[in-house]
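Working notes, structure below.
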Amino acid sequence: MDKEFIEKVANRIKSLRKEKGLKQDDLACDEVSRSTIGMFETAKTDITLSKIKRIAEALEVEPYELLKFD
């Protein structure tokens, strides 16, 4: 994936999480660990569609919201 795109997704996840007053631990589950959330938020790893779906569920948003940039 394009580095700029990964960074935009990372920033969007972090921004939505903070808006909702959540910690990385609040997004973690069996499928996505807290350390993986941290790697996504710092753009250190690519994110799969299944992980986008899981994180969106934890944030109580639709998956496309994680891919919506200004």
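No lab work stands behind these numbers, since they all come straight from the coordinates. Being a predicted model, the structure only gives us computed values, none of them experimental. Positions of Cβ are backbone-derived with ideal geometry, glycine not excepted, and every protein chain shown enters the neighbour counts.
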| said: Anything in the stretch 44-63 that is in a helix (DSSP H, G or I) and β-branched (Val, Ile, Thr)? List them, or say none. | reply: ILE52, ILE55
| note | Given the conditions (1) within 11 Å of ILE13 (Cα to Cα); (2) assigned to a loop (DSSP other than H, G, I, E, B), every one holds for LEU66 apart from (2)
| Members of the stretch 39-70 found to be of a type in the set (A, V, I, L, M) and closer than 15 Å to PHE5 by Cβ, listed by number | ALA43, ILE47, LEU49, ILE52, LEU66, LEU67
| Subset of the stretch 8-32 that is in a loop (DSSP other than H, G, I, E, B) and not aliphatic (A, V, I, L, M) - its residue that is farthest from THR42 (Cα to Cα) | ASP30
| note | Residue hits (the stretch 30-66; on the phi < 0 side of the Ramachandran plot, hydrophobic (A, V, I, L, M, F, W, C) and surrounded by 14 or more Cβ atoms within 10 Å (Cβ to Cβ)) are VAL32, ILE37, MET39, PHE40, ILE47, ILE52, ILE55, ALA56, ALA58, LEU59, VAL61, LEU66
| field | Count - residues of the stretch 14-29 that are surrounded by 13 or more Cβ atoms within 10 Å (Cβ to Cβ), of a type outside the set (Asp, Glu) and more than 11 Å from the chain's Cα centre (by Cα) | value | 3
